[in-house]
Amino acid sequence: MILPKSNRLTPEQLSEVTAIVAEFGCKIQPIVGTVRTIYAIVGDEREELMINRLEGLDYVDRIDRIQSPFKLMDRRSDLATHRVTLGGVTLGDELFVIAGQCTIDPKNPNYFYETAAAVKEAGAHLIRGGVWKPRTNPYTFQGDTKSLDILMEGHRRTGLPVDAEVMDEQQLQLALDAGVHMLQVGARNALNYSLLRAIGRAVAERKTVVLLKRSLHMGALSEFISAAEYIAAFGNPNIILCPRGTAPTLDGYRNHPDESITPLLKEKTWAPVVVDPSHSVGKAAYVPACALAAVAYGADGLCIEAHVSPNHGIGDDPKQALTPAVLAETIAQARQIWKLRHKAK
Ligand code: PEP
Ligand code: MN
């Protein structure tokens, strides 16, 4: 929609804008008001070059976009009825729970196997286990490709699907070859458009589910949804959005908990939302409350770090991981809230 600076375009201005939009396969439809006339662009008004050219005209006040910038992830897109199914559960049908260790310790695989069995018992649908880790300090444990076998053994022992974060194309290929059921794009890479494109391309055929975490630095919701659009654009709509806290931190918490963006995301996109309370607050004691708040805000699921013996864990586990008993209690309470919300509909 073109809004001119004056009440209407002169005939010369109208032919200039008509010529510009025609180059992009669009037409102009004037909407004549008593005082002001505005000009609808009929066609795909998202053409960036066309918008730039129109915005550059000195008689144009602004261009208002009617169409969403998200062709696929928008609630109004043809994909709006798409449902993501994982491990036999369709998100939206019941509260979907991902739980497991932040980081697999390749020297102590039994902790992972015990954790996997325990989170299954607690009610989780998918087991998480960090194989490669994005660590702030380069001298801390960075993960180990050997953990990929441990992760897959966890899947074989429990029968539950598993996920792992991938940070580059080599890890992406290794994870897909191993048969990982869900790929995680971590908060640090949610703005890495080359990686998003590589993942989109790699999962286009296989339709592997991708959990996209919110970057610490994504202010606008549109940035988060656009990152998902990068993946979906290649043809796989199996994408889950995962708020996990942002920067700057809320004093005392690891990040600024952002579970409250869930209803805002749901207004704009059809994508399921699974909140990660563990990285949001960063301390095991606060994780259950954040998890319950997330479900109250309408989350379709939770991604929670858990460990049979948090003090023996590595990465975030000593601080953040819930014990299986606390996890089971949190899941049970979260399910109650989920049921209350869904009954109310
Ligand atoms: C994780 O899931 O362990 C992790 C590193 O998450 P994030 O990318 O949200 O920090
Ligand atoms: Mn972690």
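The values are calculated or read from the model by the stated rules, or taken from the named source; none is laboratory data. Treat the numbers as computed from the prediction; the structure is a model and nothing was measured. Positions of Cβ are backbone-derived with ideal geometry, glycine not excepted, and every protein chain shown enters the neighbour counts.
I'd like to check something: does the range 299-312 contain any residue that is surrounded by fewer than 24 Cβ atoms within 10 Å (Cβ to Cβ), farther than 21 Å from LYS120 by Cα and assigned by TED's automatic domain parsing to the domain that holds LEU183? No, the range 299-312 contains no residue that is surrounded by fewer than 24 Cβ atoms within 10 Å (Cβ to Cβ), farther than 21 Å from LYS120 by Cα and assigned by TED's automatic domain parsing to the domain that holds LEU183.
To keep it simple, each residue is scored yes or no on (1) modelled with pLDDT of 95 or more; (2) over 21 Å from the mean Cα position of the chain (by Cα); (3) polar (S, T, N, Q).
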| site | (1), (2), (3) |
| --- | --- |
| TYR139 | yes, yes, no |
| GLY143 | yes, yes, no |
| ILE150 | yes, yes, no |
| VAL162 | yes, no, no |
| MET167 | yes, no, no |
| GLN170 | yes, yes, yes |
| ASP177 | yes, yes, no |
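Number of residues in the range 211-234 that are in contact with a Gly (Cβ under 9 Å, 6 or more places away or on another chain) and either buried (at least 24 other Cβ atoms within 10 Å of the Cβ) or within 15 Å of ASP74 (Cβ to Cβ) (or both) equals 6. If you check GLY154, GLY200, GLY129, which single one turns out to be of a type outside the set (Lys, Arg), buried (at least 16 other Cβ atoms within 10 Å of the Cβ) and within 16 Å of ligand 2 (Cβ to nearest atom)? Step by step, each of GLY154, GLY200, GLY129 is checked, and only GLY129 is of a type outside the set (Lys, Arg), buried (at least 16 other Cβ atoms within 10 Å of the Cβ) and within 16 Å of ligand 2 (Cβ to nearest atom). Screening VAL295 on (1) surrounded by fewer than 20 Cβ atoms within 10 Å (Cβ to Cβ); (2) away from ligand 2 (no atom under 15 Å from the Cβ) shows it passes everything except condition (1).
Only residues that are buried (at least 17 other Cβ atoms within 10 Å of the Cβ) and either closer than 12 Å to LEU54 by Cα or within 37 Å of the chain's Cα centre (by Cα) (or both) were counted across the range 1-15, and they come to 4.
Residues in the range 235-258 that are over 15 Å from LEU79 (Cβ atoms) and touching a strand residue (DSSP E or B) at 6+ places or on another chain (Cβ under 9 Å): 13 in all.
Reported count of residues in the range 224-253, each being within 14 Å of ligand 1 (Cβ to nearest atom) and either aliphatic (A, V, I, L, M) or out of contact with any Lys or Arg (no Cβ under 7 Å at 6 or more places or on another chain) (or both), is 6. Contact map, the range 64-80: first residue basic (Lys, Arg), second residue surrounded by 14 or more Cβ atoms within 10 Å (Cβ to Cβ), Cβ cut-off under 6 Å, separation 6 or more or different chains; pairs are ARG75/THR269; ARG75/TRP270.
The strands (runs of 3 or more DSSP E) falling completely within the range 1-67 that include 2 or more residues that are hydroxyl-bearing (Ser, Thr, Tyr) map to 37-42.
Just for the range 192-216: of the residues that are out of contact with any strand residue (DSSP E or B) (no Cβ under 6 Å at 6 or more places or on another chain) and within 12 Å of ligand 1 (Cβ to nearest atom), which one is nearest to ALA299 (Cα to Cα)? Out of the qualifying residues, it is ARG214.
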